[in-house]
1. Looking at segment 99-139 only, could you name the residues that are in a loop (DSSP other than H, G, I, E, B), of a type in the set (S, T, Y) and out of contact with any Leu (no Cβ under 8 Å at 6 or more places or on another chain)?
2. Hey, which of the helices (runs of 4 or more DSSP H) in segment 9-81, taking only ones fully inside, have at least 3 residues that are basic (K, R)?
3. Restricting to segment 265-290, name every residue that is closer than 19 Å to D228 by Cα, at pLDDT 95 or above and not in a strand (DSSP E or B).
4. Determine which member of the set G235, G209, G219, G241 is touching a residue at least 12 places away in the same chain (Cβ under 8 Å) and either closer than 17 Å to A277 by Cβ or β-branched (V, I, T) (or both).
5. Looking only at segment 148-158, decide whether some residue is closer than 28 Å to R39 by Cα and either surrounded by fewer than 17 Cβ atoms within 10 Å (Cβ to Cβ) or at pLDDT 95 or above (or both).
6. Collect the residues in segment 253-295 that are small (G, A, S) and over 18 Å from the mean Cα position of the chain (by Cα), keeping them in residue-number order.
7. Determine the pairs where a residue that is over 19 Å from R278 (Cβ atoms), located within segment 298-311, has a partner that is acidic (D, E) with Cβ atoms under 9 Å apart, the partner being 6 or more residues away or on another chain.
8. Counting only residues that are touching a residue at least 60 places away in the same chain (Cβ under 8 Å) and either part of a strand (DSSP E or B) or basic (K, R) (or both), how many does segment 82-98 have?
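The values are calculated or read from the model by the stated rules, or taken from the named source; none is laboratory data. The structure presented is a predicted model; accordingly, all values stated were derived computationally and were not measured. As a convention, Cβ positions derive from the backbone with ideal geometry for all residues, glycine included, and neighbour counts pool all protein chains shown.
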Amino acid sequence: MGSAIYRAQTIGSMLRPASLREARYALRRGTISNADFKRIEDRAVDDALAIQERAGIDLVTDGEQRRASFLGSLLETTEGLTRDLSITKPWHEDDDHVSELSLGLAVTGKLQRRRSMVCEEYAYARARAARPIKVTLPSPMMLLMFWAPELAHGSYKDVFELFVDGAEVIRAEIAELARMGCQHIQIDAPELAILIDPAAQRSVFERNGIDPARVIGEGVELLDSLADAPAVSFGLHLCRGNNDGRWLSKGGYERISKEVFCRANHFATFLLEYDDARSGSFEPLANIPRDKLVVLGLVSTKRPSMESAEMLIERIEQAADYFPREQLALSPQCGFASGIKGNPLDAETQERKLRLVAEVAHRVWD
């Protein structure tokens, strides 16, 4: 593989402290200055880095503290979306309880980049972190969460035209990161894992006129084209949705493993969710090329209950039946706060779970 293997990783977001959430609302109301807000935001990043480093995580992020959601690079830095509650998706709290929830935006105009988000994120974190830094970016196809043909018709007749514009936004962010010396970039692509669940595929893609075959074909090719920058190692995270502890899809990766893992060949790392029975078996790991790294997301960020070290070690050994043990690593299954509210666990539990990831990873591989 030719580069360092970071055995203990985090995925991206961390719980935002109450002080930061309150400051963000105050900024919207105009009751706090930009300068004061940035000082609070900086402290939140400092704390996020300190928590990860204290826990023993090998490859850290800034916790996405400067974003309102993991989609910040597509939503907070562009124009072309407007406030709208009409577009909903089926979010699951468990296998029986489903809520149609809106993320509050819709594509109504041409997507255009106004500024960079990653310049501030990476420059600040690079100066503060004692460990290597990973920067997370959303897949441009996550814009499908804000797509309704009747609302976007004046600007886009085909959703893939929107995805291409979104890819240009993300490509520009990648170019900035590479210029600044960033060596690790992760693309978060929940839309690919929607394809593993026929019910989610119908409600998220087909209900909105999106052809799943194009997502697995043209879409994966578009993602793979992004993973191209000098001296940068790219990871692809395939999660099943993460919204305040809720999820979008369930099932094993076998429905997409042959197409995705072989077509996305510019990615050095695949970060996969395996934290519960909904995730399926490890058998699809056999379809991953042997020059890749696989990060097993075995620790749940959706539940406060703690996993045991013994269980995690057993699961790692089970995965090693299908993919080389020396090319495996460990992480939580997703971020702790893909949205501003965050998942239903507290900061103490978050740190305990990160410490568990590091302790088990270093016990298994060191």
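1. If the condition is that a residue be in a loop (DSSP other than H, G, I, E, B), of a type in the set (S, T, Y) and out of contact with any Leu (no Cβ under 8 Å at 6 or more places or on another chain), then S116 is the only one that fits.
2. Counting at least 3 such residues, we get 18-29, 34-55.
3. Result: H266, F267, A268, P289.
4. G241
5. Within segment 148-158, none of the residues are closer than 28 Å to R39 by Cα and either surrounded by fewer than 17 Cβ atoms within 10 Å (Cβ to Cβ) or at pLDDT 95 or above (or both).
6. S257, A277, G280, S281, A286
7. A309/E359
8. So the answer is 4.
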